[in-house]
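Here is the structure we will look at.
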Amino acid sequence: MQKHEMIDHARQIMRDNDRGTYTVPTQGLYPFQWNWDSALSALGFSQFDEARAWTEIDTLLAHQWDDGMVPHIIFHKPDDGYFPGPEIWGTNRPVPTTGITQPPVAGFAVARIHDRARDKALADRQARAMIPKIHAWHQWFYRARDPKGSGLVALLHPWESGRDNSVDWDDAFTRVPTEGVIPFTRRDTTHANPAHRPTDEQYKRYIWLVQKFRSLNWDNSKLHDASPFQVIDPGFNAILIRSCRDLADLAARLGMDQIAQESRDMADRGIAAMETLWNEDLGQYLCLDRITGKQIQSASIGGILAVFAPIPQDRAAAIGRRIATLAESCEYLVPSHDPTAPEFEGLRYWRGPVWLIVNFMIANGLEAAGEMQMVNRIMADCLRLIEEGGFAEYYDPITGEACGGGRFTWTAAMVIEILSSHELIA
Ligand code: GLC
């Protein structure tokens, strides 16, 4: 496929999933607005329609909670094709939302879109309005999810990570009970192959946590300590740190000095604390279980995505080598779990498959560290996957088989972003 054909195809998918002021990740499986999908999709929009890109993030931030949290799903319109819907979350919002959050990639996206904007006046206006909101979200993280001030924030629900059923959560998840979970019918398995999705056992635990937090009225001053699941994910923290750093730079450019300073301080503390997650044997970062205080021995992509943050140069170089090792056991980079590990499943969601959004963020971090050979390899693999399997939700790293939902918004957005900003491989 020619470059322009691929871009045209990707734009068409984004237009088809556009609901006017927000996009759905894909039709059927995910019929609402998802937090990090929107922020990453805005990057794609910004390459051909800047105003629409700003609207996407604007809509997301319009549903921020008073305490600063930006929710993971906004249920703009009723749709019974998804479980768990608003009646299960019970957050009592004017427009219903879930009560948990997702990777805070919006700060990074806003800074990047502003940086290259053609319409500077619009970009300045939008950025000025969004910066305080995103900053409040970042402060919320360090307040509500790091109450002891360690410099690293914990996830209270696997869905917050964006890597729903990663092997990373298995051990900590054994502490989440299943007693008292309401009977329910999953809807995801009617849209996608159940063998590519999380298991029923995992779903019961996902719902137990939702019921628990709901019983506490979604009061974020109580949720952290009450949760039997408190996991520190290096990938998630890296996204937060990177967004704090980029927001600091943007705020400084716009003369918003106090936010710039506070934001830079948060990023610096986070970077220093990331060192506690480094694992020398594997040459990557690992998750930490805050309840046991131990590193989680799970060789997942979360510890590789950490390169998205401005980590030390030698750490970034080691991650480049770690990916090269992973490349020896798969055909397409970057697998979401080490293919040589016994838990690896090439087709099952976040337990093996390749995701283009994560590839993009890893490549972006490696690029900043000057690891260009690996950047080009990852970008080329992304385009091969699209050529062979179309714009899927995720792909088997061994066979390249397209999995999950089809015609995916953020996959399309990443293709536009990659082809528009990486002349090397275009
Ligand atoms: C799944 C993914 C999550 C994504 C959502 C919508 O839950 O794990 O990362 O945001 O789908 O695409």
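The values are calculated or read from the model by the stated rules, or taken from the named source; none is laboratory data. Please read these numbers as outputs of a predicted model, since none were measured by experiment. Every residue, glycine as well, gets a Cβ built from its backbone with ideal geometry; the counts of neighbours run over all protein chains shown. Surface areas here come from the heavy atoms of the whole protein model, side chains and all, with no ligands, DNA or RNA. Shrake-Rupley method; radii C 1.70, N 1.55, O 1.52, S 1.80 Å.
Scanning region 16-62 for residues that are buried (at least 22 other Cβ atoms within 10 Å of the Cβ) and acidic (Asp, Glu) returns ASP37, GLU56. The requirement of being in a helix (DSSP H, G or I), in contact with a Pro (Cβ under 9 Å, 6 or more places away or on another chain), open to solvent by less than 40 Å² (accessible area, probe 1.4 Å) and touching a residue at least 40 places away in the same chain (Cβ under 8 Å) is fulfilled somewhere in region 362-372, by at least one residue.
Taking the criterion of being on the phi > 0 side of the Ramachandran plot and either at pLDDT 95 or above or of a type in the set (Ser, Thr, Tyr) (or both), the residues of region 385-421 that qualify are GLY390, GLY400, ARG407. Among the residues making up region 137-162, those that are touching a residue at least 40 places away in the same chain (Cβ under 8 Å), crowded, with 16+ Cβ neighbours inside 10 Å and part of a loop (DSSP other than H, G, I, E, B) are ARG145, SER150, GLY151, LEU152, VAL153, ALA154, LEU156, HIS157, GLY162. Within region 191-227, being aliphatic (A, V, I, L, M), touching a residue at least 40 places away in the same chain (Cβ under 8 Å) and either within 16 Å of PRO177 (Cα to Cα) or open to solvent by less than 50 Å² (accessible area, probe 1.4 Å) (or both) holds for ALA192, ILE207, LEU209, VAL210, LEU223.
If you check THR178 against the conditions, is it among the hydroxyl-bearing types (Ser, Thr, Tyr), open to solvent by 10 Å² or more (accessible area, probe 1.4 Å) and modelled with pLDDT under 95?
no
Does ALA129 count as over 24 Å from ARG269 (Cα atoms), open to solvent by less than 10 Å² (accessible area, probe 1.4 Å) and at pLDDT 95 or above? No; evaluated as a whole, the condition is false for this residue. Entry remark, region 31-55: residues being within 16 Å of the ligand (Cβ to nearest atom) and in contact with a Phe, Trp or Tyr (Cβ under 6 Å, 6 or more places away or on another chain) number 6 in total. Of the helices (runs of 4 or more DSSP H) lying entirely inside region 1-93, those containing at least 3 residues that are in contact (Cβ under 8 Å) with a residue 24 or more places away in the chain are 3-16, 35-46, 50-61. Here ALA117 passes the criteria (1) in contact with a His (Cβ under 6 Å, 6 or more places away or on another chain); (2) hydrophobic (A, V, I, L, M, F, W, C); (3) surrounded by fewer than 22 Cβ atoms within 10 Å (Cβ to Cβ) except the one numbered (1). Quick check on this structure: which one of ALA380, ALA412, ALA402 is open to solvent by 10 Å² or more (accessible area, probe 1.4 Å) and within 16 Å of the ligand (Cβ to nearest atom)? Exactly one of ALA380, ALA412, ALA402 is open to solvent by 10 Å² or more (accessible area, probe 1.4 Å) and within 16 Å of the ligand (Cβ to nearest atom), namely ALA402.
For region 163-191, filtering for residues that are more than 13 Å from the ligand (Cβ to nearest atom), in a loop (DSSP other than H, G, I, E, B) and either touching a Gly at 6+ places or on another chain (Cβ under 8 Å) or among the aliphatic types (A, V, I, L, M) (or both) leaves 3. The set of residues from region 321-358 being out of contact with any strand residue (DSSP E or B) (no Cβ under 6 Å at 6 or more places or on another chain), of a type in the set (Gly, Ala, Ser) and either crowded, with 23+ Cβ neighbours inside 10 Å or outside any helix (DSSP H, G or I) (or both) comprises SER329, SER336, ALA341, GLY346.
With respect to the conditions (1) in contact (Cβ under 8 Å) with a residue 40 or more places away in the chain; (2) assigned to a helix (DSSP H, G or I); (3) open to solvent by less than 80 Å² (accessible area, probe 1.4 Å); (4) out of contact with any His (no Cβ under 8 Å at 6 or more places or on another chain), GLU275 falls short on a single one, namely (1). Checking each residue in region 399-421 for being of a type in the set (Ser, Thr, Tyr) and over 19 Å from ASP16 (Cβ atoms) picks out THR399, SER420, SER421. For region 6-15, the set of residues classified as open to solvent by less than 20 Å² (accessible area, probe 1.4 Å) and away from the ligand (no atom under 15 Å from the Cβ) consists of MET6, ALA10, listed by residue number.
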